[in-house]
Amino acid sequence: MIVCRSIAETRKIIAGWHRESEVVGLVPTMGFFHDGHLELMRTSVTRTGKTVVSLFVNPTQFGPGEDLEVYPRDFDGDCAKAREVGVDLMFCPEPDDIYRTGHSTEVSVTGLAAGLCGADRPGHFTGVATVVTKLFNIVQPNYAFFGEKDFQQLRIIHQLARDLDFPIWVVGVPIVREDDGLAMSSRNAYLSDKERREALVLYKALMLIKQQVLDSQGRSETDSLIRMAVELIEKNGSCSLEYLSIVDEKDLEKLSIVEGRCRALGAIRVNQRIRLIDNLALYN
Ligand code: AMP
């Protein structure tokens, strides 16, 4: 596996691959790899000829007071894991090379980025869309793989690729969970054992909604489903709810009735400190 910090060198290597008609896959990450990240890489390794993983803790997608400075990092461990699953190139740029002095361009996806996490984290998705646009231009992949764990992000990147005419297939990869259902996340590393157990309440609340929908076999009203799930989360002392919504997967608009391809999405804060997200499709 090649580890490359330079944008110019990365471009040169990938241009060589394109000349040889290799199909190139990109997996953008912020590192501290767990099995969710590795599943994205395995999918790319299976479906493309060359897999590029970017490892970049993107400062512009963190708001003031968020966890940029303490975001978990393990460069050597990440390289070993990526090499093991067959990644061809790890692109690890420095923030000053991605955002050079005088950088003044932003990419904003309107509509899809407004609600859900976008409402709690102003500017977050502009940071994501800007860095992903730059990565698409640097790597010029044929495919790009994103996790359904960040479902709103995945939809925003679909929209971005379409609107900006990137000739890139954006592929969503299902959420990888721990045995008890907790969605894997680099931020789970912040949780104590007790917090780890309590954090599971978000998954339980989403499962409760899904179970009700499947049991009712008819038209379920989203208001009563959300009320029931919020009650469950509020009973859990250390977790506070940021949002819980049932939305149409395509436009992420809130629904009043569960029908078609819809999904429940939520975010909680554990002990005010640790923000975790999860989601579940409400169809089989
Ligand atoms: P991050 O390093 O957290 O920015 O995540 C990099 C990519 O991995 C994003 O596309 C995430 O959606 C994806 N990802 C993170 N956690 C999971 C998971 N548990 N299952 C599937 N994909 C994930």
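The set of residues from the range 16-34 being open to solvent by 40 Å² or more (accessible area, probe 1.4 Å), more than 11 Å from the ligand (Cβ to nearest atom) and in contact (Cβ under 8 Å) with a residue 40 or more places away in the chain comprises 18, 23.
In the range 209-218, is there at least one residue being of a type in the set (S, T, N, Q), closer than 22 Å to residue 273 by Cβ and more than 16 Å from the ligand (Cβ to nearest atom)? Checking the range 209-218: not a single residue is of a type in the set (S, T, N, Q), closer than 22 Å to residue 273 by Cβ and more than 16 Å from the ligand (Cβ to nearest atom).
The residue list 161, 113, 144 contains one member that is more than 15 Å from the chain's Cα centre (by Cα) and at pLDDT 95 or above, which is 161. For the range 228-251, the set of residues classified as out of contact with any strand residue (DSSP E or B) (no Cβ under 8 Å at 6 or more places or on another chain) and either open to solvent by less than 60 Å² (accessible area, probe 1.4 Å) or in a loop (DSSP other than H, G, I, E, B) (or both) consists of 228, 232, 235, 236, 237, 250, 251, listed by residue number. Of all the residues in the range 9-34, those that are under 13 Å from the mean Cα position of the chain (by Cα) and outside any loop (DSSP other than H, G, I, E, B) number 3. I'm trying to understand the selection: among the residues of the range 37-52, which are under 14 Å from residue 186 (Cβ atoms), buried (at least 23 other Cβ atoms within 10 Å of the Cβ) and out of contact with any Phe, Trp or Tyr (no Cβ under 6 Å at 6 or more places or on another chain)? The one that is under 14 Å from residue 186 (Cβ atoms), buried (at least 23 other Cβ atoms within 10 Å of the Cβ) and out of contact with any Phe, Trp or Tyr (no Cβ under 6 Å at 6 or more places or on another chain): 37. So residue 73 fits all but one of (1) closer than 25 Å to residue 270 by Cβ; (2) away from the ligand (no atom under 14 Å from the Cβ); what number is the exception? It is condition (2) that residue 73 fails.
Assess whether residue 87 counts as being within 16 Å of the ligand (Cβ to nearest atom) and in a loop (DSSP other than H, G, I, E, B).
yes
Looking only at residues of the range 1-32 that are touching a Leu at 6+ places or on another chain (Cβ under 6 Å) and aliphatic (A, V, I, L, M), we find that the one that is farthest from residue 55 (Cα to Cα) is 2. Per this entry, residue 80 is counted among residues that are surrounded by fewer than 19 Cβ atoms within 10 Å (Cβ to Cβ) and either at positive phi or assigned to a helix (DSSP H, G or I) (or both).
Among the helices (runs of 4 or more DSSP H) confined to the range 95-198, the ones with at least 1 residues that are surrounded by 19 or more Cβ atoms within 10 Å (Cβ to Cβ) and within 11 Å of the ligand (Cβ to nearest atom) are located at 124-139, 151-163. When residues in the range 209-225 are screened for being free of Cβ contacts under 8 Å to residues at least 60 places away in the same chain and either touching a Ser or Thr at 6+ places or on another chain (Cβ under 8 Å) or surrounded by fewer than 18 Cβ atoms within 10 Å (Cβ to Cβ) (or both), 11 of them pass.
Residues being assigned to a strand (DSSP E or B) and away from the ligand (no atom under 13 Å from the Cβ) are entirely absent from the range 35-49.
The values are calculated or read from the model by the stated rules, or taken from the named source; none is laboratory data. Treat the numbers as computed from the prediction; the structure is a model and nothing was measured. Cβ sites come from the backbone with ideal geometry, for glycine too, and all protein chains shown count toward neighbours. Calculation scope for accessible area: heavy atoms of the full protein, side chains included, ligands and nucleic acids excluded. Shrake-Rupley method; radii C 1.70, N 1.55, O 1.52, S 1.80 Å.
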